[in-house]
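Got a structure for you, written out below as structure tokens; questions coming shortly.
The values are calculated or read from the model by the stated rules, or taken from the named source; none is laboratory data. Keep in mind that this is a model prediction, so the values were computed, not measured. In this analysis, Cβ positions are derived from the backbone assuming ideal geometry, glycine residues included, and neighbour counts consider all displayed protein chains. The area values use the complete protein model at the heavy-atom level, side chains included, leaving out ligands, DNA and RNA. Shrake-Rupley method; radii C 1.70, N 1.55, O 1.52, S 1.80 Å.
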Amino acid sequence: MNMGAMKRIGRSMSICMAITLSFFLSLVGNLVGMVQSGKFDTIGFVIGFVVSVIISMVIGFLVPMGRIHGWIEKRFGPGDILGRYIESLISDLIYTPILTLLMVIVAFFMAKAHGGSPPFLGMFLPSLGICFVVGFILIFLFMPFYMKMLMKKYGIKENENG
């Protein structure tokens, strides 16, 4: 196994997942806000997305998800469905609360700047619950897809991974 290629895969995976999670969680957060406010805030969506991508990438480069993935594969075997659930749950628990909190903070201050006074917990808790579910589904679906795509791109056969 080429360690340089595995590092590139890890970095590329962080970028792919950061963009994917940020896009969909920003969209979901804005749709939840739309239910409460009655309008979709395009500027809020873009700001939330950009902040979320930056934070996701920082988390992705600081948290050793490759090691977590390796440990889960050793424990459950490559491609094991229970292992994928656990890995998705761990990723979800790491990323989603931080991203949701930051996006709600941005939305909260934008609402206050426009004269609103929404209750912070009333914004945060429903968003957190919904984003946990959406985040888990996104991670579960996209992680294996990106992994397969990146392994092919960097010339690593699936049986070499592990």
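Taking the stretch 81-109 as the search range and keeping residues that are under 30 Å from TRP71 (Cα atoms) and of a type in the set (Phe, Trp, Tyr), which one is surrounded by the fewest Cβ atoms within 10 Å (Cβ to Cβ)?
So the residue we want is TYR85.
Which of the following residues is open to solvent by 40 Å² or more (accessible area, probe 1.4 Å) and farther than 23 Å from VAL63 by Cα: LYS148, LYS112?
LYS112
Look through the stretch 13-48, keep the residues that are under 20 Å from HIS114 (Cα atoms) and aromatic (Phe, Trp, Tyr), and return whichever of them is surrounded by the fewest Cβ atoms within 10 Å (Cβ to Cβ).
Per the stated criteria, the residue is PHE40.
Confirm whether VAL63 is open to solvent by less than 70 Å² (accessible area, probe 1.4 Å) and either in contact with a Leu (Cβ under 7 Å, 6 or more places away or on another chain) or within 28 Å of GLY122 (Cα to Cα) (or both).
Considered against the rule, which asks whether it is open to solvent by less than 70 Å² (accessible area, probe 1.4 Å) and either in contact with a Leu (Cβ under 7 Å, 6 or more places away or on another chain) or within 28 Å of GLY122 (Cα to Cα) (or both), VAL63 comes out as no.
Return yes or no: is ILE55 among the hydrophobic types (A, V, I, L, M, F, W, C), more than 24 Å from ILE156 (Cβ to Cβ) and surrounded by 15 or more Cβ atoms within 10 Å (Cβ to Cβ)?
Yes: the conditions hold for ILE55.
Name the pairs: first residue in the stretch 93-119 and touching a residue at least 40 places away in the same chain (Cβ under 8 Å), second residue among the basic types (Lys, Arg), Cβ to Cβ under 9 Å, at least 6 apart or on different chains?
Within 9 Å, the pairs are PRO118/LYS112.
Moving on to the next point. Report, by residue number, each residue of the stretch 120-148 that is over 22 Å from MET34 (Cβ atoms) and touching a residue at least 60 places away in the same chain (Cβ under 8 Å).
ILE139, PHE142, MET143, PRO144, TYR146, MET147
Condition check ((1) in contact with a strand residue (DSSP E or B) (Cβ under 7 Å, 6 or more places away or on another chain); (2) within 23 Å of PHE132 (Cα to Cα); (3) at pLDDT 85 or above) across all residues:
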position: MET3; (1), (2), (3): no, no, no
position: ARG11; (1), (2), (3): no, no, yes
position: CYS16; (1), (2), (3): no, yes, yes
position: ILE19; (1), (2), (3): no, yes, yes
position: PHE23; (1), (2), (3): no, yes, yes
position: ASN30; (1), (2), (3): no, yes, no
position: SER52; (1), (2), (3): no, yes, yes
